[in-house]
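Structure record follows, encoded as structure tokens.
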Amino acid sequence: MENLVIKIENVDGENVVSSRVIAEEMQKEHKDVLEKIRNITAESSATKYFKLNSYESRGKSYPEYLMNKDGFVLLMMNYTGYNDFKIKYIEKFNEME
């Protein structure tokens, strides 16, 4: 994570980060990150923080979630460690606001 490139984008007027970016930066399988998000949204009223989206790769469409800062924080509460990563993303979200 030394070469962390923070990838927050503005989509429809909201700052969001993709579940794919989180998986890549944390060196996790994207399917595992998707599962954590699905568990979060199934058990709470947190669906407003996560937007199901899709992306194209090799001619196929795959699911991803776009999450705002609150969604990012909720997801990261499910991971132990990664504090530098968490702080840098939260600071970038705050800066973009």
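We did not get these values from a lab; they are worked out from the coordinates using the rules stated. All values reported here derive from a predicted model rather than from experimental measurement. For neighbour counting, all protein chains shown are included, and Cβ atoms are generated from backbone atoms with ideal geometry for every residue, glycine included.
Find how much the distance from Asn39 to Lys92 grows on full extension, using 0.36 nm per residue of separation minus their present alpha carbon separation; answer in nm with one decimal.
That works out to 16.5 nm of additional length.
Sequence neighbours fewer than 8 away in the same chain don't count; with that in mind, list the lysines whose C-alpha is under 22 Å from Lys36.
Straight-distance partners of Lys36: Lys7, Lys28, Lys48, Lys51, Lys69, Lys86, Lys88.
Please report the net charge: other residues with Cβ closer than 12 Å to the Cβ of Tyr49, K and R +1, D and E -1.
+1
Report the residue, chosen from Glu35, Glu56, Glu64, that carries the largest GNM mean-square fluctuation when the chain is represented by alpha-carbon nodes joined by springs under 10 Å.
Glu56
Which one, Met77, Met67, Met26, has the greatest fluctuation when you compute a Gaussian network model over the chain with C-alpha springs under 10 angstrom?
Result: Met77 has the largest fluctuation of those listed.
Using helices alone, what [θ] at 222 nm do you get for the chain, with -39,500 (n - 2.57) per DSSP H run of 4 or more residues, divided over all residues and rounded to the nearest 500?
When only DSSP H runs of four or more count, the value is -13500 deg cm²/dmol.
Å³ per residue of the Cα convex hull, for segment 39-82? Numbers along the way, then the final one.
Numbers: hull volume 4.1 nm³, N = 44.
Roughly 94 Å³ of hull volume per residue.
Which of Ser57, Ser44, Ser19 ends up with the largest GNM mean-square fluctuation for the chain, with Cα atoms connected below 10 Å?
Ser57
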